[in-house]
Amino acid sequence: MKRVLGFILVVVMVLVSYSGCGSVRTKTLDSVSIDSSKSASKDMPTTPISFSVYIGETSTYTDNWDTPVAKKITERTGVSLKIENAVGDAKQRISLMAASGDLPDMIFAKTYLNLLLDVNAVEKLDDLINQYGPNIKKLYGNELKRLKWSQQDPNIFCLGDFGVGDEDGDPVSGFCLQHAVVKEEGYPKIKTLKDFENAIKSYYAKHPTFKGKYGKERPTIPLLLNGNDWGYFISISNPANLATGYTDDEWAIKLNPIEAKRHIITDSNKEYFKWLNGMWNQNLIDKESFTQQVEQYKAKLSSGRVLGIIDASWNYEGEVHKALRSAGLEDRMYGRYPCTLNENIKYPEYQNKGYIGFGSGMAITSKCKDKIRAMQFLNWMAGEEAQILTNWGIKGVHWTYDNKGKRVFLPQILKQRNEDEGFGRKTGIGLYVYPWPRYGTAYRDSTGNPLSVSTIEELSKNYTQTEKDILTAYGVKFWKDLYPQKGEFPVKPYGAAWKIESSMSNEWTATANKVTEISKKYCPKLIIAKFGEFDGIWMKFVKEMEEAGVRELETQFTKTVKDRMDLWK
């Protein structure tokens with residue numbers, strides 16, 4: 001999970017609904033918001049200044065800071081940004097920065113901030129927040145302590161990259177089936193992996209080909225995985241954990257007493273991969289699942305001939321669903337279902353992790369040309385005016401109030417947002433939400449309107465009629481209602497394990513990286529193994545993991561989790 005969160009920046013803005021913080025009662029900013037007409041306060045200079053910013057996420061286009069939203073930010077603050085997105089491996093680029101000292105003014109280093117901390121390349125933010133960050137203090141509130149780096153170095157070096165106070169939105173993970181499948185199969189129960197398999201097999205047997213929008217018959221693809229490169233995490237590794245009852249942490253952690261195990265080699269994960277191996281040997285998994293590039297993967301999905309996928313919604317919805325929708329193929333869009341090994345296991349999509357923005361977020365580097373001005377800008381970004389602007393755009397241009405005082409997108413903007421893949425880069429709406437400090441979906445502004453466009457009510461406005469019909473058939477209103485709810489799980493007192501890992505010493509992160517690479521090597525082998533070969537490959541997999549130090553890593557990580565919990569007390 002840690003290597004792919006919000007991996008494609010363009011799609012992340014669709015994804016702000018990710019429920020990382022748990023169920024929170026709706027909150028208003030009456031007591032914490034600032035008068036939007038004065039939010040670039042008298043203490044904040046507005047003379048022109050340009051900051052260089054590195055964002056360790058790839059993007060399909062260059063942000064030239066020329067959208068309407070970007071220009072409005074500059075008008076209100078005097079700040080313009082020269083943004084560089086990751087090209088290729090962000091870790092390699094950040095390592096070069098650390099070695100050369102050639103640093104931007106601000107940086108979002110994902111989970112690689114430790115590389116810069118090792119060479120004192122980022123600023124401690126505690127004093128800057130106290131002096132110049134009233135909006136930041138209001139934003140994070142009691143969660144500010146969760147931004148502390150570690151028990152050994154309890155300072156704040158970055159502002160969390162998750163929204164503070166998220167309510168449960170649409171699920172991000174799940175086992176995804178085309179609407180056409182569940183409709184024709186009579187809205188079957190889809191709770192287990194076997195249910196998922198049966199629905200695919202039954203529909204595929206009746207529809208081995210699909211004509212599509214161009215009228216040419218092509219083979220139907222029963223199940224397509226996104227198993228190449230970083231897709232391994234969201235299509236192979238994380239789903240294995242979730243289907244066996246653990247959140248997508250790369251770890252299986254038990255409490256009382258605390259014990260951490262690398263999830264990929266647990267017995268329950270072995271059963272999950274045996275299921276995938278069975279699907280492969282029934283010729284139900286596309287043979288290019290581990291070799292195709294992401295562009296080829298999305299092209300197959302957009303063709304309408306792929307019945308099922310196992311993927312994170314942010315990786316496909318923005319592009320694929322818009323393409324299918326514009327082609328009149330709404331029934332070829334995907335619904336998400338919480339499938340597990342058996343009905344005794346609860347799918348933990350909504351298990352409460354508390355605030356998990358620690359360990360990665362926007363940081364100010366030691367080479368920043370004006371550290372105070374940078375903090376003042378970040379403070380402005382955390383205020384109400386900026387939150388509305390970055391989420392909704394400009395009043396009168398992109399949104400207005402209806403006759404009930406509710407903020408709504410203008411009709412032409414709503415249509416563009418739903419159908420145009422280039423909506424964000426043309427308007428700037430959503431581009432400066434993640435990974436900047438922000439309020440979550442549970443918050444309302446001083447007028448009582450949501451700050452986020454990703455509340456469940458806003459998201460449901462984008463449901464197609466087909467989706468609404470399917471949800472009605474299952475007796476629910478939202479996709480999240482199909483999933484076990486937050487109250488059915490204990491709260492995770494350590495937050496997200498995949499973020500804790502980034503604060504470990506270089507020795508242990510090197511071991512973690514090594515066992516991850518071994519996992520990426522063996523999981524495809526397990527899935528494509530011939531009948532009778534699976535157990536032998538599994539034994540080799542576990543042996544190689546142990547030789548790489550996975551058991552020692554588990555012991556160290558157990559201690560690290562305990563330390564994190566002590567830090568937050």
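The values are calculated or read from the model by the stated rules, or taken from the named source; none is laboratory data. None of the values given here were measured: they were computed from a predicted structure. We place every Cβ from the backbone using ideal geometry, glycine too, and count neighbours over all the protein chains shown.
Here are the numbers for this structure:
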| read-out | value |
| --- | --- |
| Those residues of the stretch 460-484 which are exposed (fewer than 15 other Cβ atoms within 10 Å of the Cβ), over 16 Å from residue 183 (Cα atoms) and modelled with pLDDT of 95 or more, in sequence order | 477, 481 |
| Among the residues listed as 329, 341, the single one being touching a helix residue (DSSP H, G or I) at 6+ places or on another chain (Cβ under 8 Å) and among the hydrophobic types (A, V, I, L, M, F, W, C) | 341 |
| Lone unmet requirement of (1) without any contact (Cβ under 8 Å) to a residue 60 or more places away in the chain; (2) more than 16 Å from residue 285 (Cβ to Cβ); (3) in a helix (DSSP H, G or I) for residue 242 | (1) |
| Members of the stretch 43-57 that are more than 13 Å from residue 434 (Cβ to Cβ) and buried (at least 17 other Cβ atoms within 10 Å of the Cβ) | 44, 49, 51, 52, 53, 54 |
| Cβ pairs under 9 Å, 6+ apart, first in the stretch 312-327 and over 13 Å from residue 301 (Cα atoms) and assigned by TED's automatic domain parsing to the domain that holds residue 248, second part of a helix (DSSP H, G or I) and aliphatic (A, V, I, L, M) | 312/15; 312/234; 314/11; 314/12; 314/14; 314/15; 314/234 |
| Which listed residue, of 514, 540, 468, is within 30 Å of residue 321 (Cα to Cα) and not acidic (Asp, Glu) | 468 |
